[in-house]
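Since the structure comes first, as structure tokens, the remarks are kept for the end.
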Amino acid sequence: MFDDRPIGFFDSGVGGLTVLREVLRRLPNESTVYLGDNARAPYGPRSDDEVRRFSAECLDQLAARDVKAIVVACNTSSAVALNDLRLRYPLPIMGVVRPGASAAALATRTGRVGVIATAATVRSHAYFQAIKDENAFLRVTELATPELVPLVEAGQLDGPLVEEVVGRSIAPMRAAAEDGLDTLLLGCTHYPLLAPVIDRAMGGRVAIIDSASATASALAHLLDVQALHAPADAKPAHVQLTTGDVAQFASIAERLFGELFPAVEPVAVATAA
């Protein structure tokens, strides 16, 4: 059996495009609908109740477009709201925390893993628990880095200011690397867009892990198990939606995908600014 309906992707902003990019590499026949809640980004400083409410409002938009599965490509939402979202919709919904945790647990050789993420994700300890579930003997250090998401949402991915902010934000992780930490998990889908800067700030001495590739593999497995793959002769279509500034979103999308997504559409949610 095959299913040519699109896969839905949701993120608080542009960060989930890193997951979408890996999925398209792995599953080029699949159609997609991506929704970025840029008007209310970042989610990290918000309360758990706000994250749950905003996430549900966005997933309502995707479900209304008859998607066959949804990837919550937002670490904060995955950490805080995923269980509630799975109860809300009668379709497969997967997050990015578990795949990323598995990849980090496999990568470490010293048994010491660092996680940088938003304040809400760190507060939830979702990555700490997921990594411990993979290997209870690993030492996990979590660090909230709230200044990084606004950089990405503003399209600032390099330059002296970015180097300074990233270096200051992750300084405790660099110190931990000098004491044996060998793996750093980027616990926010915005952060891979800053990966070269993060790698330099860490002195090039640790493995930098993001959840995008692992999530693409997990999604491919889910589609196999549930017989939801698009047919081999499918002609995929891609829609990108944002609750925020269309031009700014399109600029980041073009840097990631070139001309693959020539148009970005605005969408309104109940409580967007």
Legend entry - Qualifying position, being among the basic types (Lys, Arg), more than 25 Å from Leu256 (Cβ to Cβ) and touching a helix residue (DSSP H, G or I) at 6+ places or on another chain (Cβ under 6 Å), among Arg26, Arg52, Arg40: Arg52
Inset, instruction - Working only within the range 29-46, note down all residues that are surrounded by 24 or more Cβ atoms within 10 Å (Cβ to Cβ) and over 17 Å from the mean Cα position of the chain (by Cα). - result: Glu30
Inset, instruction - Considering only the range 67-125, state which residues are outside any helix (DSSP H, G or I) and in contact with a Phe, Trp or Tyr (Cβ under 6 Å, 6 or more places away or on another chain). - result: Val71, Val72, Ala73, Val115
Legend entry - Residue under evaluation Ala136, criteria (1) modelled with pLDDT of 95 or more; (2) aliphatic (A, V, I, L, M); (3) open to solvent by less than 40 Å² (accessible area, probe 1.4 Å), criterion not met: (3)
Legend entry - Conditions (1) assigned to a helix (DSSP H, G or I); (2) open to solvent by 40 Å² or more (accessible area, probe 1.4 Å); (3) under 24 Å from Ile252 (Cα atoms); (4) at pLDDT 95 or above; number of the one not met by Pro150: (4)
Inset, instruction - May I ask you to verify whether Arg53 is among the charged types (D, E, K, R), under 19 Å from Ala234 (Cα atoms) and either open to solvent by less than 10 Å² (accessible area, probe 1.4 Å) or in contact (Cβ under 8 Å) with a residue 12 or more places away in the chain (or both)? - result: no
Inset, instruction - Considering only the range 6-23, state which residues are closer than 18 Å to Thr121 by Cβ and either in a loop (DSSP other than H, G, I, E, B) or free of Cβ contacts under 8 Å to residues at least 60 places away in the same chain (or both). - result: Ser12, Gly13, Val14, Gly15, Gly16
Inset, instruction - Please identify the pairs in which a residue from the range 178-200 that is of a type in the set (A, V, I, L, M) and at pLDDT 95 or above has its Cβ atom under 6 Å from the Cβ atom of a residue that is in a strand (DSSP E or B) and open to solvent by less than 10 Å² (accessible area, probe 1.4 Å), counting only partners at least 6 apart or on another chain. - result: Leu181/Gly114; Leu184/Gly114; Leu185/Val115
Inset, instruction - Give the range 64-100 a look and list any residue that's of a type outside the set (A, V, I, L, M) and over 17 Å from Ala130 (Cβ atoms), or say none. - result: Arg65, Asp66, Lys68, Asp84, Arg88, Tyr89, Pro90, Pro92
Inset, instruction - Please identify the pairs in which a residue from the range 134-147 that is within 16 Å of Pro45 (Cβ to Cβ) has its Cβ atom under 6 Å from the Cβ atom of a residue that is of a type in the set (Gly, Ala, Ser) and assigned to a helix (DSSP H, G or I), counting only partners at least 6 apart or on another chain. - result: Ala144/Ala119; Thr145/Ser169; Pro146/Ala119; Glu147/Ser169
Legend entry - Single residue of Arg26, Arg88 found to be within 23 Å of Arg123 (Cβ to Cβ), open to solvent by 40 Å² or more (accessible area, probe 1.4 Å) and not hydroxyl-bearing (Ser, Thr, Tyr): Arg88
Legend entry - Any hit, the range 15-27, residues being among the hydroxyl-bearing types (Ser, Thr, Tyr) and over 11 Å from the mean Cα position of the chain (by Cα): no
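The values are calculated or read from the model by the stated rules, or taken from the named source; none is laboratory data. The shown structure was predicted, so the numbers you read here are calculated from the model rather than taken from an experiment. With ideal geometry, Cβ positions are generated from the backbone for all residues, glycine too; neighbour counts draw on all protein chains shown. Only protein heavy atoms, including side chains, enter the accessible area calculation; ligands, DNA and RNA are left aside. Shrake-Rupley method; radii C 1.70, N 1.55, O 1.52, S 1.80 Å.
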